[in-house]
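What follows draws every value from the coordinates through simple rules; no lab data is involved. Nothing here was measured: the structure is a model prediction, and the numbers come from that model. Neighbour counts are summed over all protein chains in view; Cβ atoms, including those assigned to glycine, are modelled from backbone coordinates with ideal geometry.
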């Protein structure tokens, strides 16, 4: 799904690179005069999408995160792939958001595009990008392939929609008066998301948060590990990845990157549980090391990986993670 939705970005991305390169040159020549002032940044995105692509969007900013809602009438085809028309419109909005984000004096670090089919609003496509990654791409500091790995793209059911559906079923069983249902829902169950996984748009309301780099990287590691389990020969031949969750938490005054992996052993990969866990630990730590190194991220005290199938875990320090990334230490020489 993600691959199909991103292939169409090639031509548009090339045009964007050329355009933004010119924009960045102009910015350097004109000092701090912003093309899109922070006071009207939301209106700028709305106007740009409408005037240049005839697309109607809604925009909301939460801290350093800008969210753009795009309603569509043709999001998915019969095989649940993005239609070409939907891909084109999503790319147009991404293009507009990038232009504004790179040419504003507003402190925008992330932008998030939320697209859904108005006929089936529970199903949403969420795309999150880091503005600094775009700048690094244009500066040739990262490759196009690396840039594609750095964006978060997800097709999922709206978390808020699922929550409200459950609550409404409870209301029905309890025979709660309909005139009170919406008020109770608004007072207790329509809250802003705690994590990236809860971001979305539902029933006329944005559900967004001020995304931090730490949680963005945790989600990015999760996406990359999913790719590893699909493409790396040793992993795909021996494991079936059932789920993986990533988070950034503060425990006892320590900042920790957490990853919980549930991977079933395939018929061909049945073997020693400790050896299997070590394969999983090595894969997760390898990807995590690459990501934190690529972002020069050091605001963490440990990386914790849990193999839920075997009930084993490992915790490594930043120094140990870097030694493992550089192949200076083996897995058995790090962690506790």
Inset, instruction - State the antiparallel share, in %, of DSSP beta bridges confined to the chain, rounding to the nearest 5. - result: 75
Legend entry - Over the chain: helical MRE at 222 nm, DSSP H runs n ≥ 4 each giving -39500 (n - 2.57), nearest 500: -14500 deg cm²/dmol
Inset, instruction - Compute the relative contact order of the chain as a whole-number percentage, counting only Cα pairs closer than 8 Å that sit 6 or more residues apart in sequence. - result: 11
Legend entry - Relative contact order of the range 214-329, pairs being alpha-carbon contacts under 8 Å that are 6 or more residues apart, as %: 25
Legend entry - Computed label-point distance, nm, for sites residue 327 and residue 146 using a 7 Å Cα→Cβ extension: 1.8
Inset, instruction - Using only alpha carbon pairs under 8 Å that are at least six residues apart, calculate the relative contact order of the range 283-336 and give it in whole percent. - result: 33
Legend entry - Per-pair calculated FRET efficiency, R0 = 30 Å: residue 232 and residue 53 via Cβ, rounded to 0.05: 0.15
Legend entry - Compactness of the range 182-336 - radius of gyration and Dmax, Cα, Å: 17.6, 59
Inset, instruction - Give me 157, 202 ranked fewest to most by other Cβ atoms within 10 Å of their Cβ, as a rough exposure proxy. - result: 157, 202
Legend entry - Convex hull volume per residue for the chain, taking Cα atoms only, in Å³: 184
Legend entry - Whole-angstrom gap from the range 202-247 to the range 98-128, using each part's C-alpha centre: 18
Legend entry - Sorted peptide list for 169-177, 247-255, criterion being average Cβ within 10 angstrom, highest first: 247-255, 169-177
Inset, instruction - Based on the mean of other Cβ atoms within 10 Å per residue, sort peptides 209-216, 289-296 so the most packed one is first. - result: 209-216, 289-296
